1. Please work out the ratio of the alpha-carbon Rg of region 27-149 to 2.2 N^0.38 Å and round it to two decimals.
2. With point charges of +1 on the Cβ of Lys and Arg and -1 on the Cβ of Asp and Glu, referenced to the Cα centre of the chain, which listed residue (Thr129, Trp49, Ser68) lies farthest in the positive direction of the dipole?
3. Which residues' amide hydrogens lie under 5 Å from the amide hydrogen of Met96, considering only partners 5 or more residues apart or on another chain, with H built in the peptide plane?
4. By count of other Cβ within 10 Å, fewest leading, how are Trp103, Trp145 ordered?
5. Counting pairs of alpha carbon atoms under 8 Å apart in space and at least six apart in sequence, what relative contact order in percent does the chain give?
6. How would region 1-44 be classified by its alpha-carbon gyration tensor: rounded, prolate or oblate, with rounded meaning a/c under 1.5 and the a/b versus b/c comparison settling the rest?
7. Let me spell out the model: positive unit charges on the Cβ of Lys and Arg, negative unit charges on the Cβ of Asp and Glu, origin at the Cα centre of the chain. What dipole size does that give, in debye rounded to 20?
Amino acid sequence: MTRIEVARLDFPMMRTREEFETDQLPQSLVEARDAIVAAQHLVVTFPLWLGTMPALLKAFLEQVMRPSVALEYRKHGFPKGLLAGRSARLIVTMGMPAPIYRWYFRAHGVRGLERSVLRFAGIKPVRETLLGMVDAASDAKRQGWLGRLS
């Protein structure tokens with residue numbers, strides 16, 4: 001099992017389509033990219049920020065999920081997902097009740113990551129675990145979450 005702590009990585013944010021399509025992957029992300037390509041199952045854990053993943057996680061995914069790694073562009077139609085045969089679990093923590101995020105907000109940030117990044121790259125199934133009210137959760141509740149996730 002390989003653990004990638006995105007917050008500890010040093011890499012630039014991309015600003016143009018050209019960077020995404022043609023620039024070389026920063027050396028600091030080569031090991032992370034290789035671990036993702038080698039994995040059969042990805043677990044992505046993040047706190048909900050403004051309804052979606054933190055910007056740093058999105059910047060990381062933009063860097064490592066490039067053409068020839070996650071996608072193969074075709075002359076016509078949608079790109080081919082190159083990470084087929086893998087599955088993923090998204091674990092999202094948040095301050096609001098998880099049912100409110102799921103039903104009222106339709107979990108839009110999680111849906112974007114699931115549909116626009118992971119499934120587009122061929123990863124499925126993608127399952128999710130939403131953990132709400134984490135700041136108010138008792139130690140027993142948190143231990144229950146950890147037990148359920150391990």
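Read-outs throughout are calculated quantities, based only on the coordinates presented, and are distinct from any laboratory measurement. Model, not experiment: these values are computed from the prediction. Counting neighbours? That spans all protein chains shown, and the Cβs are built from the backbone with ideal geometry, glycine included.
1. Working: Rg = 15.8 Å, N = 123, 2.2 N^0.38 = 13.7 Å.
That ratio works out to 1.15.
2. Thr129
3. Under 5 Å from the amide H of Met96: Met133.
4. Ranked by crowding around the Cβ, least crowded first: Trp103, Trp145.
5. Values: 189 pairs, mean separation 34.8, N = 150.
Once divided by the residue count of the chain, the mean separation gives 23 percent.
6. Here region 1-44 falls in the prolate category.
7. Computed about the Cα centre, the dipole is about 680 debye.
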